[in-house]
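Asks: The structure's right below; bear with me while I get my questions together.
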């Protein structure tokens, strides 16, 4: 890992023990670069430091991996990266190293039953980047006319003990609204904030069919299923009064458990698998911008 993402110190850990990926050594020590099979470059740091700060030597066969988990709307500087990288790593399914923000894992044995945590509140939304131009903020302004919504973050209430999951766990529904709408861009807002809190996610992001590639169709509520925010508000109020209908949104939990991807170790470890899978196969990403923005 050439640059530590966002400058945050993270635990390198053991790929074999944590993810069952053996014979993998992850390092942020640049003295190991010349002997590495692959080098990962986080896009945010690449923009900050510039191409001139990338390695001066590139051994034959060494893969350079471009890593980015922001949406195209919030990703700049792609035009000058033509022909520089061999692999891509992102939340996009067609990445060379695909790492979603979260995923469902099949349980060894289906659960006979489960206990739904007690919910005393209706709808929560945690938002740090408030932008009146975002579709999610515009939708919120319409929805709040018909439904009480508790806002947490810079524009709202303080989180309970500073913890998103602990706060949202008291709510029946969570607004898992993405900051921009792109194919496969489904973030921790669904996986951690909603599923991790056992709140039914109300999603605004890519189309329903895209969500259904990753999670069961009855595990979430999509804003596109309703003609307008008022119709959605009526439905949420209906579910609030109908316990059996509400519980149907949790039926999938008898078969699956939720896993939130471990940033950034899990991503690095998965590069090892790709090294093995692709062997010495040669590839260069010629038009990074065209691919990522598609």
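No lab work stands behind these numbers, since they all come straight from the coordinates. Because the structure is a prediction, the values reported are computed rather than measured. Note that each Cβ is placed from the backbone with ideal geometry, even for glycine, and that neighbours are counted across all protein chains shown.
Asks: Mind giving me the nanometre distance, one decimal, between the label points for residue 290 and residue 109, set 7 Å out from Cα along Cα→Cβ?
Replies: That separation, rounded to one decimal, is 5.4 nm.
Asks: While we're on this one: For the range 82-133 and the range 212-281, compute the distance between their C-alpha centroids and round to whole Å.
Replies: About 7 Å separates the Cα centre of the range 82-133 from the one of the range 212-281.
Asks: With both partners inside the range 18-174, how many of the DSSP beta bridges are antiparallel, as a percent to the nearest 5?
Replies: 0
Asks: Related question: Restricting things to alpha carbons, find the Rg to Rh ratio for the range 85-133 using the Kirkwood radius for Rh.
Replies: Looking at the range 85-133, the ratio lands at 1.16.
Asks: Percent of Cα-Cα pairs per 10 Å bin, from 0 to the last occupied bin, for the chain, please list those.
Replies: Here the calculated profile for the chain is 6, 25, 31, 22, 13, 3, 0.
Asks: Let me ask something additional. Compute the long axis of helix 265-278 from its Cα atoms, compare it with the longest principal axis of the Cα atoms of the chain, and write down the angle in degrees, 0 to 90, nearest 10.
Replies: Between helix and principal axis, roughly 60 degrees.
Asks: Cα-based Rg (one decimal) and Dmax (whole number) for the range 1-42, in Å?
Replies: Answer for the range 1-42, Rg first and Dmax second: 11.0, 27 Å.
Asks: Give me Rg/Rg_expected for the range 160-294, where Rg uses Cα atoms only and Rg_expected = 2.2 N^0.38 Å with N residues.
Replies: The value comes to 1.28.
Asks: Output the Cα-based Rg and Dmax of the range 88-221 in Å, rounding Rg to one decimal and Dmax to a whole number.
Replies: 15.5, 46
Asks: Grab the DSSP H runs of the chain that are 4 residues or longer, score each as -39,500 (n - 2.57), total them, divide by all residues and round the 222 nm result to the nearest 500 deg cm²/dmol.
Replies: The per-residue figure over the chain is -6000 deg cm²/dmol.
Asks: Against the longest principal axis of the chain, how steep is helix 229-241, in degrees 0 to 90 to the nearest 10, with axes from Cα atoms?
Replies: Roughly 70 degrees between the two axes.
Asks: Calculated FRET efficiency, residue 137 and residue 254, Cβ-Cβ r, R0 45 Å, to nearest 0.05?
Replies: Numbers: r = 36 Å, r/R0 = 0.80.
Once the sixth-power term is evaluated, E becomes 0.80.
Asks: Over the residues of the range 18-131, compute the C-alpha Rg and express it relative to 2.2 N^0.38 Å.
Replies: Working: Rg = 20.0 Å, N = 114, 2.2 N^0.38 = 13.3 Å.
For the range 18-131, the normalised Cα radius of gyration comes out at 1.50.
Asks: May I have the extent of the alpha carbons of the range 5-80 along their three principal axes, as whole Å values ordered from largest to smallest?
Replies: 37, 28, 21
Asks: Which distance in nm do the two modelled labels at residue 283 and residue 34 give, with both placed 7 Å along the Cα-to-Cβ direction?
Replies: 2.9
Asks: Where does each of 198, 10 land when they are ranked from fewest to most other beta-carbon atoms within 10 angstrom?
Replies: 10, 198
Asks: What is the calculated FRET efficiency for residue 58 to residue 276, with r their C-beta to C-beta distance and R₀ = 25 Å, to the nearest 0.05?
Replies: Working from the Cβ atoms, E equals 0.75.
Asks: Related question: Looking at the chain, send over the antiparallel percent of its DSSP beta bridges, to the nearest 5.
Replies: Around 15 percent antiparallel, to the nearest 5.
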